[in-house]
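S.K.: This is the structure I want to talk about, given as structure tokens.
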Amino acid sequence: MISPCSVAGVKKIMYAFSSLNDLGQVITSNGSFAEVTKSGLYLMLGTVSAAQGAIFRYEEEHGRFVVLAHKGVDGAPHLGLSLYAGDAKALVDAPGVVENRRASQALTGFISRNGDTLGALQAALLVPLRVGGNLVGLITVGSRFSGGDYTDDDLQILAMMSQQLSVGLSNHQLFQSLQKKAEENRALYENLQDIYNDTVRAFAAAIDAKDRYTQGHSDRVARYAVAIAEELGLPQEEVEALRLGGLLHDIGKITVDTSIIRKDSVLTDRELLEMHRHPTVGFDILSKINFPWGDLSALTRHHHEKVDGKGYPDGIRGEDLLLGARIIALADAFDAMTTDRPYRKQISLRETLREIKRCVGTQFDPQVARTLFQIIEKELTGRSMKPAIIPSLRENFDSQRIREILQEVHDDFCYPGIA
Amino acid sequence: MGQFQMDVKFDRDFVIFYTNGYINDLGGEKIERKCEDILREGYRKVIVNFSESPIINSIGISILIGLIDRVKRAKGSVCFTNLTLNNTEVFEFMGLTQYAPVFPNIEEAVRFTMGHA
């Protein structure tokens, strides 16, 4: 026993306390888990003057200890320890530090079975790492470097240090387990999201399949709407809502008679009435679904509204109309103009831009239109990282045409309400 | 003090390690690694000068035990110099001085080393 009354005794106690304090700092440091466990082992060995030792993590599912760090063992020997039934309980029930040669009968099987590894480590002491009655690891400590037996004080300080390391090891294992769960959940979520996206795309394809002229229409409207939303700097959730809104905006057309959709002449009043019902039918379908992003049913209902209030079905005007609906309205019209329809051929991009300009302030929102123009300018001048519009158009853009279009883009538009 | 560093001076018959910085974390393992290198080169006598390392904690002690152990197994000798009084006492009660004597200065350590067969 150290005599605390002697100067040497006090110094030894101070040294041991200092090591305990250092261990606390190591465990709470920002170091990697490997650094923390290795430093913890070195601190313990250096506190009791041992040249060899190792720290192991307990893997209950495999019934083994896996080495985390070791010291004083040359080369890289296989340092695994296997546990049989009853070994873990024996280590949990063991005293804080087990002297190998005085181990209880319950542990002799474990020690003899793992004789090679324990021999390579010259293990004189076994220090089980436990938290709340559960085994989390094991530390082996070699014989005293300076010779002689370990004192009771040595065993006590090792037991105290092992309690701190046990908590550190247990926390790390908990963290790893949480990380694994989070990773599994993330993969599951991504899988669900893929299924969800595929389902929405399948719906969009089913809508567009009613008419060969509108094949790919929903997909392009979604792409254009996303490009406008991103250029406007809208939050990611709103961008995602617009992508889905673009894909599903015409879902109400599922109930419209195919002969009306495909008709290549002027619609009768009755046919027009049925056609004009598709935004409200779409609203009825989508309002029953709880989408995680935004109000898709409202985007669908209002994609034929106009900023002057002369659209349908509700005649909402100006900023009372959702920004998302104003974006989809323009993206929808842009695609309608730049693709063939049963009743007319596609028109050129330049003419489309002129038409949009003409309708700014009545049909289209000026801010949204200007944003579309900015995107087109960026894409035509090669300043867009991911062009979404120009590659979708069935039109050849030679340098002369690009110049004309850019001129169109640069000639700003006037619209009611702006001086 | 900054990160632990070490200079090495080679003599014909021995090597002197000049440690610089606290030996209180895994950075101190440089001493053991360097020791392995010089043993491979054939040197068997090592002097460690701690004049610029006022703090050596139990991680440092563990590393120095590793150093002594390696040199011992290679049938060489190690001695220490310029330790603070506190560190000298720690080295004594931890048993390091049984295998690695401590000298107050480098001259005495060199004299001991040269006289050591």
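S.K.: Within 10 Å of each candidate Cβ there may be at most 12 other Cβ atoms; applying that plus a DSSP loop requirement, which chymotrypsin sites (Phe, Trp or Tyr not before Pro) in segment A:1-93 survive?
M.R.: Listed in order of number, the matching sites are A:Tyr84.
S.K.: For segment A:7-180, what's the radius of gyration and Dmax over Cα atoms, in angstrom?
M.R.: When restricted to the Cα atoms of segment A:7-180, Rg and Dmax are 15.3, 52 Å.
S.K.: Per residue, how big is the convex hull of segment A:209-410 when only Cα atoms are used? Give it in Å³.
M.R.: 117
S.K.: Further, regarding this structure: Students often forget the sequence filter, so: which aspartates and glutamates lie under 19 Å Cα-Cα from A:Lys89 once same-chain residues fewer than 8 apart are removed?
M.R.: A:Lys89 reaches A:Glu59, A:Glu60, A:Glu61, A:Glu99.
S.K.: Counting Lys +1, Arg +1, Asp -1, Glu -1, what net charge surrounds A:Asp284 among other residues with beta carbon under 12 Å of its beta carbon?
M.R.: Its environment carries a net charge of +3.
S.K.: How would you rank A:Ser265, A:Ser146, going from fewest to most other Cβ atoms within 10 Å of each one's own Cβ?
M.R.: In increasing order of surrounding Cβ atoms, one gets A:Ser265, A:Ser146.
S.K.: Related question: Take the Cα coordinates of the protein assembly as shown, assign each an equal point scatterer, and use the Debye formula without solvent to give log10 I(q)/I(0) at q = 0.05, 0.08, 0.13 Å⁻¹.
M.R.: -0.47, -0.67, -1.17
S.K.: Take the Cα radius of gyration of segment B:5-115 and divide it by 2.2 N^0.38 Å, with N its residue count; two decimals is plenty.
M.R.: Dividing the Cα Rg of segment B:5-115 by 2.2 N^0.38 Å gives 0.94.
S.K.: Shifting gears a bit: Counting Lys and Arg as +1 and Asp and Glu as -1, what is the net charge of the other residues whose Cβ lies under 13 Å from the Cβ of A:Thr300?
M.R.: -2
S.K.: Between the DSSP loop rule and a limit of at most 13 other Cβ atoms within 10 Å, which trypsin sites (Lys or Arg not before Pro) in segment A:107-199 are left?
M.R.: Qualifying residues, ordered by number: none.
S.K.: Please get the size of the charge dipole for segment A:220-345, origin at its Cα centre, with Cβ charges of +1 on Lys and Arg and -1 on Asp and Glu, quoted in debye to the nearest 20.
M.R.: Taking the Cα centre of segment A:220-345 as origin, the dipole is about 460 debye.
S.K.: Of the listed pairs A:Lys180/B:Lys34; A:Lys253/A:Lys306; B:Lys30/B:Lys75, which have alpha-carbon separations greater than 31 Å here?
M.R.: Checking Cα-Cα distances, A:Lys180/B:Lys34 exceed 31 Å.
Every number in this text was worked out from the coordinates using simple rules, so none of it is lab data. Predicted, not measured: the structure shown is a model, and the values here were computed from it. In this analysis, Cβ positions are derived from the backbone assuming ideal geometry, glycine residues included, and neighbour counts consider all displayed protein chains.
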